[in-house]
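The values are calculated or read from the model by the stated rules, or taken from the named source; none is laboratory data. Only a predicted model underlies this, so the values are computations on that prediction, with no experimental measurement involved. Positions of Cβ are generated from backbone atoms using ideal geometry, with glycine treated the same way; all protein chains shown enter the neighbour counts.
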Amino acid sequence: MILALGMGTSYVLRIREEDLPSALSAGCTQVHEWGRGSRNVTLLVDLYGADWVFGAWEHREAEWLAASYARWLGP
């Protein structure tokens, strides 16, 4: 299972959907516009699903990834 990817000069994370509100309020996004005034936009929901966000160098990202990994690992 993939939990993180480098994408251009950004990175994306796969987190649990219940962590999504916290991630979005911390500055993570699911949409990225490449270049100032660009029409080249990446929508992560369309590419990978609702559990992916662009990272924001938020200190809780490691916790979100660990929780996502634990869920996929199972009991």
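Brief remarks on what is shown
- Failed item in (1) surrounded by 13 or more Cβ atoms within 10 Å (Cβ to Cβ); (2) free of Cβ contacts under 8 Å to residues at least 12 places away in the same chain; (3) not in a helix (DSSP H, G or I), with Thr42 passing the rest: (2)
- Residues in the stretch 20-34 that are more than 11 Å from the chain's Cα centre (by Cα) and more than 16 Å from Leu47 (Cα to Cα): 4 in all.
- Taking first residues from the stretch 10-29 that are loosely packed, with under 14 Cβ neighbours inside 10 Å and partners that are among the charged types (D, E, K, R), the Cβ contacts under 6 Å between residues at least 6 apart in sequence or on separate chains come to Glu17/Asp51.
- Residue count for the stretch 1-39, restricted to those that are β-branched (Val, Ile, Thr), under 18 Å from Ala62 (Cα atoms) and part of a loop (DSSP other than H, G, I, E, B): 2
- Annotation note: of Leu20, Leu47, Leu13, the sole residue that is at pLDDT below 95 and not hydroxyl-bearing (Ser, Thr, Tyr) is Leu47.
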